[in-house]
Amino acid sequence: MSTPFKTSQTLAFIGGGNMASAIIGGLIKQGMPAHLILVVEPFDEARQRLQSLFGVKVLSSADATLAEAGLVIWAVKPQSFKEAAQQTRAFCGHALHLSVAAGIRSDSIANWLGTERVVRAMPNTPALVGLGQTGLFARAAVTDSDKAWVEQVVATTGALLWVKDEPLLDAVTALSGSGPAYVFFFIESMVEAGVNMGLTTEQATQLAIGTFEGASQLAKAASEPPSVLRERVTSKGGTTYAALTAMQNTQVGTLFQAALQAAQQRAHELGDEFGA
């Protein structure tokens, strides 16, 4: 089977959690041979799951096997990154490095790993179903060929975009990285309201999720901005008008933007806390 991936080199994952699993699943679905994927994962249960699901090679800790990797994908928690880098640095200084760890800046990553070939990514959990949104930033030493390889990998999980300035990844984190939780929060609220109005939980859940799904597809397909789409379904004096007026009176929009700014600030703080 032909494949667009650099199949002559191993891809290594440091960390085998949900995001790593999403990327691995996408790679294999697109034709990446499982024997060319290596995962360093300290937890035995997670290693067994990865091996069972994908047939990839797994290690409990970093060793010289990582020297085979041309690309290393960092899927560890921010607070674990520095220690993991110290354990791994000796084996993969030659590689291109792609980090999906929230908040950890590329300066810190480059310093810990002793290389300038570092790309930062901010994905989100819809990557688990191939509908992710990922923001990317590359340091100056990253070549066009490196970027193309990163794009091939990330594209298996959904859409992507590059930002020129690294601090913009904090904004990406606030919008799309944390964004699925906002959607789930609104779905929860809609379901609760529907139940309070007399619908069953199943009925309210179907209507809430289906409405988000349908409205998102409509917004994606439309040539007009969301503000115009909103106006089209808002007749003055009607039901939608009543709901939106209630939201405006309680400053839902302003409060929601403040919430996103809080997420952006926290993303910045993570870099300060764990990037030293």
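The values are calculated or read from the model by the stated rules, or taken from the named source; none is laboratory data. Everything numeric in this text was worked out from a predicted model, so none of it was measured. Reconstructed Cβ throughout: ideal geometry from the backbone, glycine too, with neighbour counts over all protein chains shown.
Observations
- Hits in the range 91-136 (condition: part of a strand (DSSP E or B) and among the hydrophobic types (A, V, I, L, M, F, W, C)): LEU96, LEU98, VAL118, VAL119, ALA121, MET122, LEU136
- Of the helices (runs of 4 or more DSSP H) lying entirely inside the range 167-276, those containing at least 1 residues that are under 26 Å from the mean Cα position of the chain (by Cα) span 168-172, 179-196, 201-221, 226-232, 252-274.
- Boolean, ALA67 is in a loop (DSSP other than H, G, I, E, B), aliphatic (A, V, I, L, M) and in the same structural domain as TRP149 (by TED's automatic domain parsing): no
- Candidates in the range 18-41 are the residues that are of a type in the set (Gly, Ala, Ser) and touching a helix residue (DSSP H, G or I) at 6+ places or on another chain (Cβ under 6 Å); of these, the one that is surrounded by the most Cβ atoms within 10 Å (Cβ to Cβ) is ALA22.
- LYS220 vs. criteria modelled with pLDDT under 95 and not polar (S, T, N, Q): no
- Hits in the range 43-69 (condition: surrounded by fewer than 16 Cβ atoms within 10 Å (Cβ to Cβ) and of a type in the set (Lys, Arg)): ARG49
- All positions within the range 57-89 that are free of Cβ contacts under 8 Å to residues at least 24 places away in the same chain and of a type in the set (A, V, I, L, M, F, W, C): LEU59
- For the range 92-113, the set of residues classified as farther than 23 Å from SER178 by Cα and at pLDDT below 95 consists of CYS92, GLY93, HIS94, listed by residue number.
- Hits in the range 114-143 - residues which are hydroxyl-bearing (Ser, Thr, Tyr) and either touching a Lys or Arg at 6+ places or on another chain (Cβ under 9 Å) or modelled with pLDDT of 95 or more (or both): THR115, THR134, THR143
- Scan of the range 70-87 for residues that are part of a helix (DSSP H, G or I) and crowded, with 20+ Cβ neighbours inside 10 Å, ordered by number: PHE81, ALA84, ALA85
- The number of residues in the range 103-127 being under 9 Å from the mean Cα position of the chain (by Cα) and among the hydrophobic types (A, V, I, L, M, F, W, C) comes to 3.
- Restricting the range 88-102 to residues that are over 14 Å from PRO123 (Cα atoms) and under 20 Å from the mean Cα position of the chain (by Cα) leaves a set whose member that is surrounded by the most Cβ atoms within 10 Å (Cβ to Cβ) is HIS97.
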